[in-house]
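Notes to accompany the following structure.
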Amino acid sequence: MRSCARMLLTLSFLMIPLGVSGQESAKSQKSDLLARLSYRSSAVVVQREGVSQVCVAISREGEYRMIRQTSDRPIQRVHGKLSPEQLEQVSKLLDSPKFQALSGNHGGLIRQDAESFSAEIPVAITPQTKEKDEDGRMIFVPNQTQHSRRLHWLNADGENPFPDSVEKIIGWMRSFQPKDAKEFEYAEFPDVCPSGELRLIQPTVANNQRP
């Protein structure tokens with residue numbers, strides 16, 4: 001039984017969260033960020049679907065930065081601005097009650113192929129704090145702060161399918177074709193992908209000499 005378990009683990013992919021510290025740059029704290037989204041697939045899915053990675057960061061004004069890699073083209077890094085119709089479409093998908101209800105990490109053990117989706121969406125909170133006014137009276141003052149809602153979903157071997165609300169966002173990401181976009185270097189915008197997103201890495205199969 002132990003031997004079978006070791007074989008299963010060596011044939012699986014590793015699900016590794018990216019370091020958060022490297023992603024938390026000054027740019028990532030901009031309050032105008034609408035969302036950071038990521039879709040990744042393993043080699044088996046790439047052969048079938050053609051897309052291995054798509055990351056996109058979108059501002060509330062519609063400016064975007066996108067990283068995309070397919071089976072037949074080198075990695076693409078472009079930035080531009082969505083049309084009003086495109087911005088409205090993706091905003092509605094992100095505001096969907098079913099998508100808004102999702103959160104946390106949803107993982108699993110990968111034996112052969114996998115797809116992963118990650119989202120990082122800023123959420124503003126406005127708690128009230130007590131302060132004194134000019135007359136010395138205590139008043140309540142809104143004090144807006146911001147944190148990020150994060151979602152990580154792994155569909156391993158088709159056993160944990162994406163919810164319909166996630167499928168629609170992935171469909172938008174995969175079908176989006178940038179127009180009049182300009183290329184950029186990684187060093188210019190290093191925080192396009194969500195912080196802490198899941199990467200799929202196929203390890204070297206270890207030799208098992210024990211029975």
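The values are calculated or read from the model by the stated rules, or taken from the named source; none is laboratory data. The structure displayed is predicted, hence computed values, not measured ones. All Cβ positions, glycine included, derive from the backbone under ideal geometry; neighbour counts span all protein chains shown.
Brief remarks follow.
- Hey, PHE117 within 30 Å of ALA156 (Cβ to Cβ), touching a Phe, Trp or Tyr at 6+ places or on another chain (Cβ under 6 Å) and at pLDDT 90 or above or not: yes
- Test result for GLN177, loosely packed, with under 13 Cβ neighbours inside 10 Å and at pLDDT below 65: no
- With respect to the conditions (1) without any contact (Cβ under 8 Å) to a residue 40 or more places away in the chain; (2) under 15 Å from the mean Cα position of the chain (by Cα); (3) surrounded by 15 or more Cβ atoms within 10 Å (Cβ to Cβ), GLY62 lacks only one, and its number is (2).
- The residue that is modelled with the lowest pLDDT, among those in the range 192-211 that are of a type outside the set (A, V, I, L, M) and in contact with a Lys or Arg (Cβ under 6 Å, 6 or more places away or on another chain), is ASN208.
- Pairs, first of a type outside the set (Ser, Thr, Tyr) in the range 75-92, second in a helix (DSSP H, G or I), C-beta under 8 Å, six or more apart: LEU82/VAL90; GLN89/TRP172; VAL90/ILE169; VAL90/TRP172
- Selection over the range 97-106 of residues that are exposed (fewer than 15 other Cβ atoms within 10 Å of the Cβ) and either touching a residue at least 40 places away in the same chain (Cβ under 8 Å) or of a type in the set (A, V, I, L, M) (or both) gives a count of 5.
- Which numbered condition GLY171 fails, given (1) small (Gly, Ala, Ser); (2) outside any loop (DSSP other than H, G, I, E, B); (3) at pLDDT below 65: (3)
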